[in-house]
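The values are calculated or read from the model by the stated rules, or taken from the named source; none is laboratory data. If you're wondering where the values come from, they're calculated on a predicted model, not measured in any experiment. Note that each Cβ is placed from the backbone with ideal geometry, even for glycine, and that neighbours are counted across all protein chains shown. The accessibility values were calculated without ligands, DNA or RNA, using every heavy atom of the protein model including side chains. Shrake-Rupley method; radii C 1.70, N 1.55, O 1.52, S 1.80 Å.
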Amino acid sequence: MTNFKKLTQKPLFLPIFCMILVLLVNLIKSPDFFAISVNNGVLYGRLIDIINRGSEIAILAVGQTLVVAVSAGTDISVGSVMSLAACTCCTVLAGFGNNSVNELQVPMIVGMLAGIFMGGVCGSFNGALVSKLKIQPMVATLILFTAARAIGLLFCNNQITYIRYEPYKYLGNFIPGCPIPTPVFVAIVVILVVTLLLKKTALGLYIQSVGINNRAARISGINSDVICFVCYVICGICAGIAGIVASSRIYSADSNNIGLNYELDAILAVALGGNSLGGGKFNLIGSIIGAYTIQAITTTLLAMGVSTDQAPVFKAIIVVIIVVVQAPAFKRFVAEKKAQRAVNKEVA
């Protein structure tokens, strides 16, 4: 019993447990869920679909984890920023004013960098509002949550911009000769770069210090405003990268649908990863596992016949349950009940 209690206190217990639970449900309901086949030299199957589609959520979860840790708040604009970054990328590649091209007007890397840069600009805007003006994170990011898609529509002349250039499709699908989806490699690169940044510099320690006690961090000489601003910039860049991957997947910029409801998935991934939504210590690996767990839940719901419009309802219920379990009042309530039971046993 003591060993099990120690196990449940491990940081990765919650995300791994949730992942195993989802997989067990699928194993019982449909063993075919785990079938993997090779068609035309590429891997197919629901598990492949999970790691493929979940890569965009994983990229968003990386940035969202840092934002939650440093500011005890969430960036609800990441889905809309994805859309704006995709529109920026496709507009630059197609040339302003064109809505469908077979040949790029500028080198592909230029358009992609423009999309990532736009994500960074959006992150800077959010970071300035939160770190400098001290606006509550959800309120500050609500601005771009509302406006970013509209700005993207303006860039695309209120139409879907199509990039029918074959190499542009590789980033969101498959590179010829490689059986593994390209978004998986993009997610791995983003995760490795951010992990190295956190491990090889003092940024990770500073983020936790600011998140745990902002005032104490300032007294110890840490510029908490700069640390908070940097985290929001990283979150915006991650959203920009995810937006380009999503755009490449459908070789177009669909402002109304790219990144739709992805902010909920990113927040849920952080929560499932065992990270406290109250800020402070964070577990990046837990968030990544949580991201793929969310995609597994989505795939499971779709396999069970739940429509895409209804799926967010189930995810919202999961978010509520996790937030309640993490709430200090709930933890005090559980501790009091345990203490009361211990007293009753001694009396008996």
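Brief remarks on what is shown
- Using θ = phi - 60° and Karplus 6.51 cos²θ - 1.76 cosθ + 1.60, couplings along segment 161-178 (whole Hz; Gly, Pro as x): 8, 9, 10, 8, 8, 3, x, 5, 6, 5, 4, x, 10, 10, 7, x, x, 10
- Computed over the chain with a Gaussian network model linking Cα atoms closer than 10 Å, the most mobile of A335, A217, A253 is A335.
- Whether segment 1-140 is rounded, prolate or oblate, judged on the alpha carbon gyration tensor where a/c under 1.5 counts as rounded: oblate
- Gaussian network model of the chain, springs between alpha carbon atoms under 10 Å - residue of N39, N213, N261 with greatest fluctuation: N39
- Using just its DSSP H runs of length 4 or more, each adding -39500 (n - 2.57), the chain gives a mean residue ellipticity at 222 nm of -23000 deg cm²/dmol after division by all residues.
- Put simply, when 59-66, 194-201 are sorted by average Cβ atoms within 10 angstrom per residue, most first, you get 59-66, 194-201.
- Per residue solvent-accessible surface (Å²) - the chain, probe of 1.4 Å: 49 Å²
- Helix 13-29 vs. the chain, principal-axis angle (Cα, 0 to 90°, nearest 10): 70 degrees
- Gyration tensor verdict on segment 57-139 (Cα atoms; rounded if a/c is under 1.5, prolate if a/b is larger than b/c, oblate otherwise): prolate
- Note on the chain: with neighbouring protein chains present and a 1.4 Å probe, carbon and sulfur make up 67 percent of its accessible heavy-atom surface.
- For segment 161-274: rounded, prolate or oblate by the Cα gyration tensor [a/c cutoff 1.5]: prolate
- Segment F34-Q159, length gained on full extension (0.36 nm per residue, minus Cα span): 41.1 nm
- Around the amide H of S252, modelled in the peptide plane, lie the amide H atoms of I163, all under 5 Å away and 5 or more residues distant in sequence or on another chain.
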